[in-house]
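Inspection log for the structure reproduced underneath, given as structure tokens.
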Amino acid sequence: MSAVSAANGTRTCCGGWQFVYVGIVAGHDYRLEWQGDFGGLQTPADMLVGHALWGAIAADVSNPGTQLDWEYVCAEYRPGRACFAGTFTAPPGCSETLTVRATLRWAVAGTVCWTVPVVTDCGPHASRPPLRVAVVTGTQDCAHHEHRSVAARTAFYAGLTEAACAVDGARLLALPEICLQWHVPGQALDHAVAVPGRETERFAEIARRYAAVIVIGLLERDGDAVFNSAVVLDADGALAGVYRKVHLASTEAISGVLPGAGFPVFDTAAGRLGCNICMDSSAAESARMVGLNGADFLVLPIMGDHRAAPWSRGDPTFDDERWRCIQRTRAMDNQLCMVIARNTTVGSCIIDRSGSVLAWNDGTHPHIVAAVPYADGYRKWNGLCFREVNWRQRRPHLYGAFVAESPEALRRLRLG
């Protein structure tokens, strides 16, 4: 059985099919799947929409008001086919009815043939306990500069990391930018280390002992190249992956350090995890790519942010209000938990997807820790899960200038 929607020749065309399911149980997970085979649509990802509403709604009503919880159901697109799928938890207090909508909108021409959505009861939702997340820095007055070798710095941070695991039960830990080489005298390139190697094995031992995921900022030696990297060790001590800083600081970019070439996200025991490093934070695209690649956490080893310092010549006094503003925006815009490890300790923090600061280091703590829930998203006042709308509202076909090198912009830059 299938249902067909067709454009009616007007730009205001909007409608589709509604499917109603009964016997829904609050607290159960439900898997929703259907597809739409389309033809003649100019921008299918813009014109085909899926919704799931936890309750009954009249077919001619477009606004569910504030009485129903509801979700966007996102799709993957193939030539001529949109595959809608998602797993959602029936919210507390919902009725026994689920309404699924498949909509065609904004299309002057074209058709779509919908399959009937398949709704599978996956049983009671299995809640995971909150994850204990820590940022390991040492205190502001712990004389970081006294550790004058890579070996000494490795021992220093390994001790702090083990304490966070043993004392506070941390199971995801973030260390600062190039922390194994920071303040080590001489040329930074001379102190770069292999990954995996002797230094990372020290942390791998801790990861295995406590079943913890550990992210270490360091200068990585890869043959004839050096990168500013974040090394991700999984809970079994294995190397989950390495992120290499994409946007190098202005002087770093002419120091011999090479930039990375992408924003990978790694599957770990703590969840899906991606990284930015320091200057990456200045480019909105950095966090957005980590979010688009499906991360639950963005780990940010960072020395500082030029936007959180005076906008004039002089000492770079830290502006914690601006700092919070930057990092909270990144968390909300990309719907991920920010785990921020600052070398000088102050401003290290953990921020959830709603933008709430769960933990903050004022410089007096060797590490901070917060319990971060795994619950998927946060419902807003109108019953919608913001995590889905954050991605579904996007219209990427209009964002060409976001990634293109605009000749006009380059001309303005040259002319000053």
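The values are calculated or read from the model by the stated rules, or taken from the named source; none is laboratory data. Everything quoted here is computed from the prediction, not taken from an experiment. Cβ placement follows ideal geometry from the backbone for every residue including glycine, while neighbour counts extend to all protein chains displayed.
Out of the residues in segment 297-321 that are part of a loop (DSSP other than H, G, I, E, B) and of a type in the set (Asp, Glu), state the one that is surrounded by the fewest Cβ atoms within 10 Å (Cβ to Cβ). Full working, then the answer.
Of the residues in segment 297-321, the ones part of a loop (DSSP other than H, G, I, E, B) are 303-305, 309-319.
The next check asks that each one be of a type in the set (Asp, Glu); those that pass are 305, 315, 319.
On the way: 305: 21, 315: 7, 319: 17.
Taking the candidates together, the pick is 315.
Just to check your reading of the model, which residue among 38, 84 is modelled with pLDDT of 95 or more and touching a helix residue (DSSP H, G or I) at 6+ places or on another chain (Cβ under 8 Å)?
Numbers: 84 fails: touching a helix residue (DSSP H, G or I) at 6+ places or on another chain (Cβ under 8 Å).
Selected residue: 38, the only one of 38, 84 that is modelled with pLDDT of 95 or more and touching a helix residue (DSSP H, G or I) at 6+ places or on another chain (Cβ under 8 Å).
Are any of the residues in segment 322-342 more than 19 Å from the chain's Cα centre (by Cα), under 21 Å from residue 287 (Cβ atoms) and in a helix (DSSP H, G or I)? First the steps, then the outcome.
So in segment 322-342, the residues more than 19 Å from the chain's Cα centre (by Cα) come out as 322.
Checking the rest, the ones that are also under 21 Å from residue 287 (Cβ atoms) come to 322.
Narrowing the set further to residues that are in a helix (DSSP H, G or I) leaves 322.
Yes, there is a match, as at least one residue in segment 322-342 is more than 19 Å from the chain's Cα centre (by Cα), under 21 Å from residue 287 (Cβ atoms) and in a helix (DSSP H, G or I).
Mind checking whether some residue in segment 140-149 is out of contact with any helix residue (DSSP H, G or I) (no Cβ under 6 Å at 6 or more places or on another chain), under 28 Å from residue 352 (Cβ atoms) and hydroxyl-bearing (Ser, Thr, Tyr)?
No, segment 140-149 has no match at all.
Pull up segment 23-47, narrow it to residues that are of a type in the set (Gly, Ala, Ser) and over 31 Å from the mean Cα position of the chain (by Cα), then point me to the one that is farthest from residue 110 (Cα to Cα).
The extreme case among them is 23.
Looking for whichever is touching a strand residue (DSSP E or B) at 6+ places or on another chain (Cβ under 7 Å), farther than 30 Å from residue 124 by Cβ and not β-branched (Val, Ile, Thr) here; the options are 53, 68, 98, 48. Which one fits?
Details: 53 fails: farther than 30 Å from residue 124 by Cβ; 68 fails: farther than 30 Å from residue 124 by Cβ; 98 fails: farther than 30 Å from residue 124 by Cβ.
Among 53, 68, 98, 48, only 48 is touching a strand residue (DSSP E or B) at 6+ places or on another chain (Cβ under 7 Å), farther than 30 Å from residue 124 by Cβ and not β-branched (Val, Ile, Thr).
Scan segment 350-380 for residues that are under 25 Å from residue 167 (Cα atoms) and among the aromatic types (Phe, Trp, Tyr) and jot them down.
360, 374
Any idea how many residues of segment 73-97 are touching a Leu at 6+ places or on another chain (Cβ under 8 Å) and either exposed (fewer than 15 other Cβ atoms within 10 Å of the Cβ) or assigned to a strand (DSSP E or B) (or both)?
Here the count works out to 8.
Can we say residue 305 is modelled with pLDDT under 95, assigned by TED's automatic domain parsing to the domain that holds residue 275 and out of contact with any Ser or Thr (no Cβ under 9 Å at 6 or more places or on another chain)? Break it down stepwise before answering.
On the way: modelled with pLDDT under 95: yes; assigned by TED's automatic domain parsing to the domain that holds residue 275: yes; out of contact with any Ser or Thr (no Cβ under 9 Å at 6 or more places or on another chain): no.
Criteria not met by residue 305.
Look through 292, 298, 273 and report the one residue that is at pLDDT below 95 and aliphatic (A, V, I, L, M). I'd like the intermediate steps shown before the answer.
Numbers: 298 fails: at pLDDT below 95; 273 fails: at pLDDT below 95.
Being at pLDDT below 95 and aliphatic (A, V, I, L, M) holds for just one of 292, 298, 273, which is 292.
Residue check, residue 138 against (1) part of a loop (DSSP other than H, G, I, E, B); (2) out of contact with any His (no Cβ under 8 Å at 6 or more places or on another chain), all met but one. Which one?
(2)
Please enumerate the residues belonging to segment 355-386 that are of a type in the set (Gly, Ala, Ser) and over 27 Å from residue 62 (Cβ atoms).
Pass one, segment 355-386, residues of a type in the set (Gly, Ala, Ser): 355-356, 359, 363, 370-371, 375, 377, 383.
Within segment 355-386, 355, 356, 359, 363, 370, 371, 375 meet the criteria.
Among the residues of segment 341-354 satisfying the criterion of being of a type in the set (Gly, Ala, Ser) and modelled with pLDDT of 95 or more, which is surrounded by the most Cβ atoms within 10 Å (Cβ to Cβ)? Step through it out loud before you land on a result.
Just the residues of segment 341-354 that are of a type in the set (Gly, Ala, Ser), to begin with: 341, 347-348, 354.
From the residues that got through so far, the ones that are modelled with pLDDT of 95 or more too are 341, 347-348.
Details: 341: 30, 347: 24, 348: 28.
Residue satisfying both the conditions and the ranking: 341.
Look through 66, 111, 103, 97 and report the one residue that is β-branched (Val, Ile, Thr) and modelled with pLDDT under 95. Lay out the reasoning, then the answer.
Working: 111 fails: modelled with pLDDT under 95; 103 fails: modelled with pLDDT under 95; 97 fails: modelled with pLDDT under 95.
When all the criteria are applied, what remains is 66.
Looking at segment 281-298 only, could you name the residues that are closer than 18 Å to residue 343 by Cβ and without any contact (Cβ under 8 Å) to a residue 40 or more places away in the chain?
282
Name, by its number, the condition in (1) of a type in the set (Gly, Ala, Ser); (2) surrounded by fewer than 23 Cβ atoms within 10 Å (Cβ to Cβ); (3) farther than 17 Å from residue 295 by Cβ that does not hold for residue 262.
For residue 262, the failing item is (3).
With the condition being among the aliphatic types (A, V, I, L, M) and touching a residue at least 24 places away in the same chain (Cβ under 8 Å), I'd like the strands (runs of 3 or more DSSP E) fully within segment 212-280 carrying at least 3 qualifying residues. I'd like the intermediate steps shown before the answer.
Numbers: elements: 213-222, 225-233, 239-244, 265-268, 271-275.
Where strands (runs of 3 or more DSSP E) fall fully within segment 212-280 and carry at least 3 residues being among the aliphatic types (A, V, I, L, M) and touching a residue at least 24 places away in the same chain (Cβ under 8 Å), they are 213-222, 225-233, 239-244.
In this structure, does residue 216 turn out to be in contact with a helix residue (DSSP H, G or I) (Cβ under 7 Å, 6 or more places away or on another chain), closer than 21 Å to residue 298 by Cβ and either surrounded by fewer than 23 Cβ atoms within 10 Å (Cβ to Cβ) or β-branched (Val, Ile, Thr) (or both)? Even if it seems obvious, please write down each step before you answer.
On the way: in contact with a helix residue (DSSP H, G or I) (Cβ under 7 Å, 6 or more places away or on another chain): yes; closer than 21 Å to residue 298 by Cβ: yes; either surrounded by fewer than 23 Cβ atoms within 10 Å (Cβ to Cβ) or β-branched (Val, Ile, Thr) (or both): yes.
Yes; evaluated as a whole, the condition is true for this residue.
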